[in-house]
Amino acid sequence: MYRLALAALAATTALFVTAANAQQDLSKVEIKTTDLGNKTYRLEGAGGNITIAVGSDGIIMVDTQFAPLSDKIKAAIKAISPLPVKYIILTHFHGDHTGGVANFQKDGITAIAQDNIRLRLLGGTTNGTNGNKTPPLSGDAIPKETYFAGGKEIVVGGRKAVLTHYYNAHTDGDTGVYFPDANVIATGDIMNSNHRYQQVDYFNGGDIRGMIRASDDWLKIANDQTKVVTGHGPLADKKVVADYNAMLKIARDRVLKLVQEGKTEAEVVALDPLKDHNATWANDAAQGMNTLKQYYHSFKR
């Protein structure tokens, strides 16, 4: 049951994971730790994968998963190092990545995000695919520090995290994180490593073209030894990024051609330009159709 629920979280037909969270018994979730080398770690539980970088006097953390898992995540981090977490970097605003922010910021930790994440959390959001609404948040659930266009660098105890804002990708507030001394990239939900389509949250600024820009950038950064922590799925490498990037470019070209011809959404769906892709990239027919619509709306923002 847990495996099915985790697969559902990775499926791109669900922007927000409130329903999936409710269906899971998070009390049974265990946090799995993977050593990535050079005091850098990947934590897997339920929700988005977490990256941990341990410096000489503190820790940098990427994403938080769901609020009910915070104590388990804190225990997993303590098992790695007794040092305090000083910063949490948020890759985007969806609840399976930001759900634990308040629990960590109450401990005095600073959450850092691209400023659009702050705005989305404060304002509440709507899922463009299914219409589900996420209510506004406040207080410690809102990141204490934000940055705007471009990027930012964070250094803790000699460990450097390079933050890059990939505008209009999975959402309008995505941050990719690169730890150069460990050769580790954390992608957030711009991509997954399940060989599946990834949600384009077009209702909240997402765009397939931004996902291509981001994965193009990671292919320039990565080498054959790079470890890639995706938003969902197993630990990945440069080849996984390359395969995903190639799929996105083919899909972009096919859908854009139809948009430029003046086709409506219904006409594009009827033409089914991603039919061959769906055989290997879609969980099912519904995901294939929803992804096609999301790609279409990338060009209608």
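The values are calculated or read from the model by the stated rules, or taken from the named source; none is laboratory data. All values reported here derive from a predicted model rather than from experimental measurement. Cβ sites come from the backbone with ideal geometry, for glycine too, and all protein chains shown count toward neighbours. Areas reflect the complete protein model, heavy atoms only, side chains present, ligands, DNA and RNA absent. Shrake-Rupley method; radii C 1.70, N 1.55, O 1.52, S 1.80 Å.
Take the alpha carbon gyration tensor of the stretch 114-198, find the square roots of its eigenvalues, order them as a ≥ b ≥ c, and report rounded if a/c is under 1.5; if not, report prolate when a/b exceeds b/c, else oblate. It is oblate, given that a/c is not under 1.5 and a/b is not larger than b/c. Taking a ≥ b ≥ c as the square roots of the eigenvalues of the Cα gyration tensor, an a/c ratio of 1.5 or more together with a/b larger than b/c marks the stretch 104-146 as prolate. DSSP beta bridges confined to the chain are antiparallel in about 70 percent of cases.
One chain, two ends: residue 275 and residue 246. Fully extended at 0.36 nm per residue, the span grows by 8.8 nm beyond their Cα-Cα distance. Using the 1.4 Å probe convention, the accessible area of the stretch 86-193 works out to 34 Å² per residue with neighbouring protein chains retained. The lysines whose alpha-carbon is closer than 29 Å to the alpha-carbon of residue 106, local same-chain residues fewer than 8 away aside, are 28, 32, 39, 72, 74, 78, 86, 133, 144, 152, 160. The alpha-carbon of residue 263 sits under 22 angstrom from the alpha-carbons of these lysines, leaving out residues fewer than 8 places away in its chain: 249, 275, 293, 300. Cα-based radius of gyration for the chain, normalised by 2.2 N^0.38 Å, reads 0.95. The stretch 83-107 and the stretch 108-173 have Cα centres separated by 10 Å. Seen against the Cα atoms of the chain and their longest principal axis, helix 238-260 is set at about 40 degrees. Taking all Cα pairs closer than 8 Å and separated by 6 or more residues, the relative contact order of the stretch 87-133 comes to 39 percent.
Our helix-only sum for the chain, with -39,500 (n - 2.57) per DSSP H run of n ≥ 4 divided by its residues, gives a mean residue ellipticity at 222 nm of -10500 deg cm²/dmol. The C-alpha atoms of the chain define a longest principal axis, and helix 285-298 lies at about 90 degrees to it. Counting only alpha carbon atoms, the long axis of helix 70-80 and the longest principal axis of the chain meet at about 60°.
For the stretch 125-276, what class follows from the C-alpha gyration tensor (a ≥ b ≥ c being the square roots of its eigenvalues): rounded when a/c is under 1.5, otherwise prolate if a/b is larger than b/c, else oblate? Oblate shape, in that a/c is at least 1.5 and b/c is the bigger or equal ratio. Straight Cα distances below 16 angstrom link residue 238 to the aspartates and glutamates 216, 217, 224, with same-chain residues fewer than 8 positions distant left out. Model label sites at residue 216 and residue 286, defined 7 Å from Cα along the beta-carbon direction, differ in position by 3.5 nm. Apolar share of the accessible surface for the stretch 16-146: 50 percent from carbon plus sulfur atoms, 1.4 Å probe.
In percent, rounded to a whole number, the relative contact order of the chain is 16, using alpha-carbon pairs under 8 Å and six or more apart.
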